[in-house]
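> Right, I'll just put the structure down here and ask away after.
The values are calculated or read from the model by the stated rules, or taken from the named source; none is laboratory data. The model shown is predicted, which means the values in this text are computed figures rather than measured ones. When we count neighbours, we look across all protein chains shown, and the Cβ atoms used for this are built from the backbone with ideal geometry, even at glycine. In case anyone asks, the SASA skips ligands and DNA or RNA and just uses the protein heavy atoms, side chains included. Shrake-Rupley method; radii C 1.70, N 1.55, O 1.52, S 1.80 Å.
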Amino acid sequence: MTTTVMRDTDTGAEQPARLLAEVRDLTVRFVSREATVHAVNGVSFTLAPGEVLVILGESGSGKSVTLRALMRLLPPKRTVIEGSVRIAGHDVLALSPTALEEFRGAVASMIFQEPMTALDPVFTIGTQIAETIIRHEGVSRAEADRRALELLELVQIPSARRRLAAYPHELSGGLRQRAMIAIALACRPKLLLADEPTTALDATVQIQILLLLRKLKEELGMGVIFVTHDLGVAGEIADRVAVMYAGRFVESGEVGEVMKRPLHPYTQGLMGSTVHAGLRGTRLAAIPGAPPDLSRLPPGCAFAPRCAFAEPVCRERLPEEMHLPPRHMARCIRVAA
Amino acid sequence: MTSVYASRDPRDRGGPAQPLLSVRDLTRHFVLARGVFGLGRSAGVVRAVDGVSFTVAKGETLGIVGESGCGKSTTARLLMRLIEPDSGEVLFDGETVGGGGMELREMRRQMQMVFQDSYASLNPRLPIEDSIAFAPIVHGVPKARARAKARELLAAVGLAPDQFAQRYPHQLSGGQRQRVNIARALALEPRLIVLDEPVSALDKSVEAQVLNLLLDLKRDFALTYLFISHDLNVVQFVSDRVLVMYLGRVVEVGPVEAIYRTPRHPYTRALLASRPSMDPGRRMTEPPLSGDPPNPINPPSGCRFRTRCAFAEGVCAEREPALSGSFTGDAHLAACHMTAAGSGHSQAPGRG
Ligand SMILES: Nc1ncnc2c1ncn2[C@@H]1O[C@H](COP(=O)(O)OP(=O)(O)OP(=O)(O)O)[C@@H](O)[C@H]1O
Ligand SMILES: Nc1ncnc2c1ncn2[C@@H]1O[C@H](COP(=O)(O)OP(=O)(O)OP(=O)(O)O)[C@@H](O)[C@H]1O
Ligand code: SF4
Ligand code: SF4
Ligand SMILES: [Mg+2]
Ligand SMILES: [Mg+2]
């Protein structure tokens, strides 16, 4: 593990901290003959061990692409990735293919919205977990089987021993998601990347999985980056939140701060337009318009075409990150440092 | 006001007191074909909708909530007669549909549906103006008139006709496509619109736009809605009354305030309690329910919720609880032995 000097963004003071992840100026573009899609446009953040960062944003804002870039899971031919990504001491963007294989699973691993995309339909859950462990750690099959059972118990799958022999299609949605989490945790990663892992689940199952992830994080001390479009999910699991719009973090801070005092007009709009109890009989404060086309990103603040407070300067220059204590950042000209 | 308009509607038959839609014992089971592993085994039966009864009053919005697979969409499809029921009765403004009653064609004119997948009901090869005008033309409206109406409807759903009328579905965002679907559903001037997860695929900021639009249209066109969603917050926002389904059955129904403030069925209570709070200072520590909804192929005997219910007792496995209120004429009904006097459940109120 590296020891880095982290600039504490709110006080400006330098304080030594062991960072699990440090991402600087990450940009991701997809280049094809017809267009260049600017999916991620200068994202920077840090994550401490055991911390949960929730990336909150609407469809197409670049959440999944950001996560995939951290694992280098994007098609190499058509993707241009720039910036720096350090995770647990690894310079991820410089890893060789073999080092990358080793990195995935053992240092960072990922869970997805649809477990069926990550599970192999022709192998039992037990085999898939055991194979993952053997591949990474070269232990015996018996040892791997023992660990697989432990893992199913860890993710609270009832009758775990029996479930080792189950095929993915024999499990309910909630159990399948637990099985995917078990596989992701098989090699004790330091960082778990979660891409909307509860979005496809029913309400009563979603909260079970959220509480499970929270508990696992506590027990295993992993860092977690969790992507969602649901404010409630962020409220339930986040230590810090980053709000993403058109490939940029437009606001970030401690979850309580951002929820109580959103600074960026987009975050404010998102909260105003989220239906919750007590709004009955009122008109929802919808944000007009739609997010920009990422192949034709406007200069300046990408939210300007939908923003009620936009001024000419917003369209000319990208607003700077403005930092307010404690650890609250927003990219908007209306926020005074 | 809605009710004033409805009473002036020449199609209105029974007056404001007669429900626009009245559903009794609606049932549809799906017999599963034997799968590759099923040789020799008996094929399963999915009890997708199993004896569902409710009414929708003129001018109201009835919300239907429940988890995936509980039968919400099947109920909608049965009402629209996109699939045939095994049994049960559907009355539209007091009239049976088909078999000497109201013609299916006329029923489809008065009752329209909007689906979750905004692509599903739009022809990808037609400009959206033509998609909206299609049904009226089929129903005999002259082409020019139907087109003009389509442009009016585009304006009504907030899409400038000059800019959008000639676009194809793939040239629209999800929210815009859903507006087109709503315009299409309005084209035959229906009285009832069945909305099956109409905003579930949309982003929050766009969801709010479409919900506002639906409320405006309801007022302007004197509509009645059946609004299906798994999002409890959305259902609370739009509904006058709410119906909760579990594994093909109605477990609770009542006025929106009653359901959200004093839910009676343990499943409704757990469902409401499962909503993540937006306040990080008040996080949940225990999930309200454990396990997943059971397989609809072999639902539990008696009360179908009993395998997940913390209050289940012997009687819950033996007899299926009936929907009942706390007093005669109660509009708030629940199907749980704990709320039925003399059911034999230890928590049930005494007979009286
Ligand atoms: N392989 C790819 N090639 C080209 N464009 C891509 C590729 N992957 C993603 N994109 C584009 O990058 C943008 C960001 O996509 P991303 O998947 O990160 O969105 P998201 O925030 O995860 O949205 P959602 O909530 O819908 O999952 C989108 O415009 C998307 O179309
Ligand atoms: N044509 C069919 N053949 C077999 N089973 C079906 C068919 N249509 C629906 N089902 C089953 O009936 C049950 C109810 O399905 P339905 O689509 O009505 O659920 P729903 O409440 O709309 O769920 P969701 O929230 O996922 O949309 C499910 O178990 C489903 O798999
Ligand atoms: S920078 Fe300008 S356009 Fe962007 S959010 Fe702030 S006020 Fe609105
Ligand atoms: S009938 Fe019994 S099992 Fe069903 S909800 Fe009521 S108490 Fe629970
Ligand atoms: Mg995504
Ligand atoms: Mg459905």
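> Can you spot a residue in the range A:261-274 that is over 23 Å from B:VAL210 (Cα atoms), near ligand 3 (Cβ under 9 Å from one of its atoms) and either open to solvent by 20 Å² or more (accessible area, probe 1.4 Å) or not basic (Lys, Arg) (or both)?
Yes, the range A:261-274 contains at least one residue that is over 23 Å from B:VAL210 (Cα atoms), near ligand 3 (Cβ under 9 Å from one of its atoms) and either open to solvent by 20 Å² or more (accessible area, probe 1.4 Å) or not basic (Lys, Arg) (or both).
> Pull up the range A:172-184, narrow it to residues that are within 13 Å of chain B (Cβ to nearest Cβ) and open to solvent by 10 Å² or more (accessible area, probe 1.4 Å), then point me to the one that is nearest to A:ILE133 (Cα to Cα).
A:ARG178
> Only one of these conditions is not met by B:PRO142: (1) away from ligand 2 (no atom under 16 Å from the Cβ); (2) crowded, with 18+ Cβ neighbours inside 10 Å. Which number is it?
(2)
> Which members of the range A:284-322 meet the condition of being more than 10 Å from ligand 3 (Cβ to nearest atom), free of Cβ contacts under 8 Å to residues at least 60 places away in the same chain and within 14 Å of another protein chain (Cβ to nearest Cβ)?
A:LEU284, A:ALA285, A:ALA286, A:ILE287, A:PRO288, A:GLY289, A:ALA290, A:PRO292, A:ASP293
> Shifting gears a bit: Which members of the range B:63-97 meet the condition of being within 12 Å of ligand 2 (Cβ to nearest atom), in contact with an Asp or Glu (Cβ under 7 Å, 6 or more places away or on another chain) and away from chain A (no Cβ under 14 Å)?
Listed by number, the residues that qualify are B:SER73, B:ALA76.
> Within 30 Å of A:ALA234 (Cα to Cα) and either open to solvent by 20 Å² or more (accessible area, probe 1.4 Å) or touching an Asp or Glu at 6+ places or on another chain (Cβ under 8 Å) (or both) - does that describe any residue in the range B:310-327?
Yes.
> Let me ask something additional. Only one of B:LEU232, B:LEU215, B:LEU226 is over 30 Å from B:ARG306 (Cβ atoms) and in the same structural domain as B:SER73 (by TED's automatic domain parsing); which?
B:LEU215
> Then there is this: Look at A:THR274 and say whether it is within 9 Å of chain B (Cβ to nearest Cβ) and on the phi < 0 side of the Ramachandran plot.
Judged against the criteria, A:THR274 is a match.
> If the requirement is being under 27 Å from B:GLU60 (Cα atoms) and open to solvent by 10 Å² or more (accessible area, probe 1.4 Å), which of these qualifies: B:ALA156, B:ALA183, B:ALA208, B:ALA160?
So the residue among B:ALA156, B:ALA183, B:ALA208, B:ALA160 that is under 27 Å from B:GLU60 (Cα atoms) and open to solvent by 10 Å² or more (accessible area, probe 1.4 Å) is B:ALA156.
> I'm checking my understanding of the structure. Among residues of the range B:277-329 that are under 23 Å from the mean Cα position of the chain (by Cα) and closer than 21 Å to A:LEU212 by Cβ, which one is farthest from the other protein chains (Cβ to nearest Cβ)?
Filtering first and then ranking leaves B:PRO294.
> Taking the conditions exactly as written (more than 8 Å from chain B (Cβ to nearest Cβ) and either open to solvent by 50 Å² or more (accessible area, probe 1.4 Å) or within 16 Å of ligand 4 (Cβ to nearest atom) (or both)), does A:GLY281 satisfy them or not?
yes
> Something else about it: Would you confirm whether or not the range A:155-176 contains a residue that is part of a loop (DSSP other than H, G, I, E, B) and within 16 Å of ligand 2 (Cβ to nearest atom)?
Yes, the conditions are met somewhere in the range A:155-176.
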